[in-house]
1. In a shell of Cβ-Cβ distance under 12 Å around A34, excluding A34 itself, what net charge do Lys and Arg (+1) and Asp and Glu (-1) give?
2. Picking from T136, S89, M72, whose Cα lies most toward the positive end of the charge dipole for the chain (charges on Cβ: Lys, Arg +1; Asp, Glu -1)?
3. Read through the labelled values [x] 16.8; [y] 20.4; [z] 21.4 and report the label of the one computed as Kirkwood radius over Cα pairs in Å from the structure.
4. Summing +1 for each Lys or Arg and -1 for each Asp or Glu, what net charge is found among the other residues whose Cβ lies under 12 Å from the Cβ of K77?
5. Using only Cα atoms, tell me the angle between helix 179-188 and the longest principal axis of the chain; keep it within 0 to 90° and round to the nearest 10.
6. Nearest 10 degrees is fine. How inclined is helix 62-75 to the longest principal axis of the chain, computing both from alpha carbons?
7. Under 12 Å from the Cβ of R19, count the other residues' Cβ atoms, weight Lys and Arg +1, Asp and Glu -1, and hand me the total.
8. Using just the helices of the chain, give the 222 nm mean residue ellipticity in deg cm²/dmol: DSSP H runs with n ≥ 4 each add -39,500 (n - 2.57), and the total is spread over all residues, rounded to 500.
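What follows draws every value from the coordinates through simple rules; no lab data is involved. Remember, it's a predicted structure, so these values are computed and weren't measured experimentally. Every residue, glycine among them, receives a Cβ derived from its backbone with ideal geometry; neighbour counts consider all protein chains shown.
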Amino acid sequence: VVNALSTRVSVEIKTDGHRWTQDYKLGVPTAPLAQHEATDEHGTTVTFWADPDIFETTEYSFETLSRRFQEMAFLNKGLRINLADERESAKATAGADEAGEDEKHEVKSVSYHYEGGIVDFVKYLNSRKGDVVHPTVIDLEAEDKDRSLSLELAMQWNSGYSEGVYSFANIIHTHEGGTHEEGFRAALT
């Protein structure tokens with residue numbers, strides 16, 4: 001989807017013992033997939049330039065992206081997501097009036113990594129809700145490979161008066177619930 005909505009996309013993948021790259025312009029590869037130096041690292045970096053002919057604005061909110069990437073890191077146990085805002089307008093400057101030479105090129109960045117996945121998500125959410133009723137997060141995972149189904153659940157009660165139920169399907173937050181949330185609520189009560 002990103003490729004179809006961008007004027008340019010650059011992809012770097014570290015897998016199978018090598019670093020691989022490919023660039024695209026308006027959705028079309030500009031060259032064949034290129035194999036580079038050997039590496040033991042793993043990971044994917046995607047850099048894109050949104051198409052201003054498609055989008056009303058191509059200005060991104062670092063805070064919005066940061067919140068979503070943190071959520072994605074919680075939902076994908078062990079995944080590390082790094083976000084760097086390299087736009088000239090976003091580079092941090094320290095000091096009152098003028099930044100020194102060393103301070104002018106600081107890039108705003110965050111990194112998210114949660115080995116506990118959604119258990120860490122529940123702990124994070126409850127850290128802002130008051131005292132917890134029980135010390136450990138109740139969690140379970142189940143999978144039915146024959147039907148391509150999997151489930152992860154984590155919950156913990158706190159001393160607050162309002163509930164916080166966050167449901168997701170394929171790492172997309174289902175703000176309005178759905179049958180998966182209805183089933184959970186029915187089973188819980």
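1. Net local charge, A34 excluded: -2.
2. Toward the positive end, the furthest listed residue is T136.
3. [y]
4. Details: positive: R80; negative: E115, D120, D139, E141, E152.
My count for the surroundings of K77 gives -4.
5. It works out to around 30 degrees.
6. The answer is roughly 50 degrees.
7. After counting each charged neighbour, the total is -4.
8. Numbers: 3 runs with 33 residues, N = 189.
Result for the chain: -5500 deg cm²/dmol, rounded to the nearest 500.
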